[in-house]
Amino acid sequence: MISRKIPAEVSLVLDKVKKKLPGNYLLLLCLLLLLILGGILPNLISGHWSWADQPRIANIQKMQVIRKSGIELSDLKTIDQSQGQIGEGKWSVQVVESPDGKRITVLLKPQDYYKNQPGLEWSDINSISHWNQGETTELSIPTQSGGKATARFYRAWTQNTFAVVQWYAWLGGGHYDPSVWYWLDQWAQLKRQRVPWIAVSLLIPLEPTKELQTLTPFALNLAAEVQSYLEQNVLSQLTSLPETKKEK
């Protein structure tokens, strides 16, 4: 589930600003109000309210192709690809093989409706995998625009052991925490735009006796290639429709 609460980091920053600039705090609130009005006034004038109906995503059907055909990765041969049901969503389940014979599972779930929000993808995967989860860290994935996507990186095991990389990819960035997407999308909606997303989960075989960090370079390179492919071939081709019609 997505938390609608303002992130603790944001509240902490506001508290620090309030302590350091008590005399100007009212001014800061006024500036914040102006920013909010900047998003409200255009809707007031046009008569179209962003919260009445979210802006639709043009060409959203382009994301559905991923579920049927998967993606292409350099130096990795696709062994199998199919559409699978995980939880309540349909995923692309793709098995690729590295030159050294390592078989990696690439799971992709694209947003398939403009009102759909991320939030249950990781728990859905956990519910069918029944794996134990060990040490967890983060990977900073570079994007084509010079930004970054933040993925969680952890050890998981049942009968086999994996290094798992998970994040929600969007144009110019990404994060494993759906609340980060939520606030970005809310801000985009004020400008009648959207932030389409694709859930990514990579399962990389890991020898039980090896440390998770031994796969960090490989996992980071693979994640960067996946992010780059999704941005270049899918996400960059999506736009927000400025006007929306009410659903019947």
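The values are calculated or read from the model by the stated rules, or taken from the named source; none is laboratory data. Everything numeric in this text was worked out from a predicted model, so none of it was measured. Here Cβ is always computed from backbone atoms with ideal geometry, including for glycine, and neighbour counts include all displayed protein chains. Note: accessible area is taken over every heavy atom of the protein model, side chains too, but ligands, DNA and RNA are not part of it. Shrake-Rupley method; radii C 1.70, N 1.55, O 1.52, S 1.80 Å.
Tabulated data for the structure shown
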| item | result |
| --- | --- |
| Selected residue (criterion: farthest from ASN233 (Cα to Cα)) from residues of region 171-192 that are outside any helix (DSSP H, G or I) and under 10 Å from the mean Cα position of the chain (by Cα) | ASP177 |
| GLN61 being within 22 Å of the chain's Cα centre (by Cα), modelled with pLDDT of 75 or more and open to solvent by 50 Å² or more (accessible area, probe 1.4 Å) | yes |
| Condition check for ASN221: modelled with pLDDT of 95 or more and open to solvent by 40 Å² or more (accessible area, probe 1.4 Å) | yes |
| Pair list, Cβ under 9 Å, 6 or more apart: region 203-214 residue under 14 Å from THR137 (Cβ atoms), other residue at pLDDT below 95 and open to solvent by less than 40 Å² (accessible area, probe 1.4 Å) | LEU212/GLY134 |
| Long-range neighbours under 6 Å by Cβ, at least six apart or interchain, first residue more than 15 Å from ASN221 (Cβ to Cβ) within region 71-87, second open to solvent by less than 70 Å² (accessible area, probe 1.4 Å) and among the polar types (S, T, N, Q) | GLN81/GLN94 |
| Pick from region 131-145, criterion β-branched (Val, Ile, Thr) and in contact (Cβ under 8 Å) with a residue 24 or more places away in the chain, ranking: farthest from LEU212 (Cα to Cα) | THR143 |
| Test: residue in region 232-244 that is open to solvent by less than 20 Å² (accessible area, probe 1.4 Å) and either free of Cβ contacts under 8 Å to residues at least 60 places away in the same chain or of a type in the set (D, E, K, R) (or both) | no |
| Members of region 193-215 that are open to solvent by 40 Å² or more (accessible area, probe 1.4 Å) and outside any strand (DSSP E or B) | GLN193, GLU207, PRO208, THR209, LYS210, GLU211, GLN213, THR214 |
| Test: residue in region 117-124 that is more than 15 Å from TRP167 (Cα to Cα) and under 22 Å from the mean Cα position of the chain (by Cα) | no |
| GLN85 being open to solvent by 60 Å² or more (accessible area, probe 1.4 Å) and at pLDDT 90 or above | yes |
| Residue that is most open to solvent (accessible area, probe 1.4 Å), among those in region 146-163 that are part of a loop (DSSP other than H, G, I, E, B) and without any contact (Cβ under 8 Å) to a residue 40 or more places away in the chain | GLN159 |
| Index of the failed condition, GLU97 passing every other in (1) open to solvent by 40 Å² or more (accessible area, probe 1.4 Å); (2) in contact (Cβ under 8 Å) with a residue 60 or more places away in the chain; (3) in contact with a Leu (Cβ under 7 Å, 6 or more places away or on another chain) | (2) |
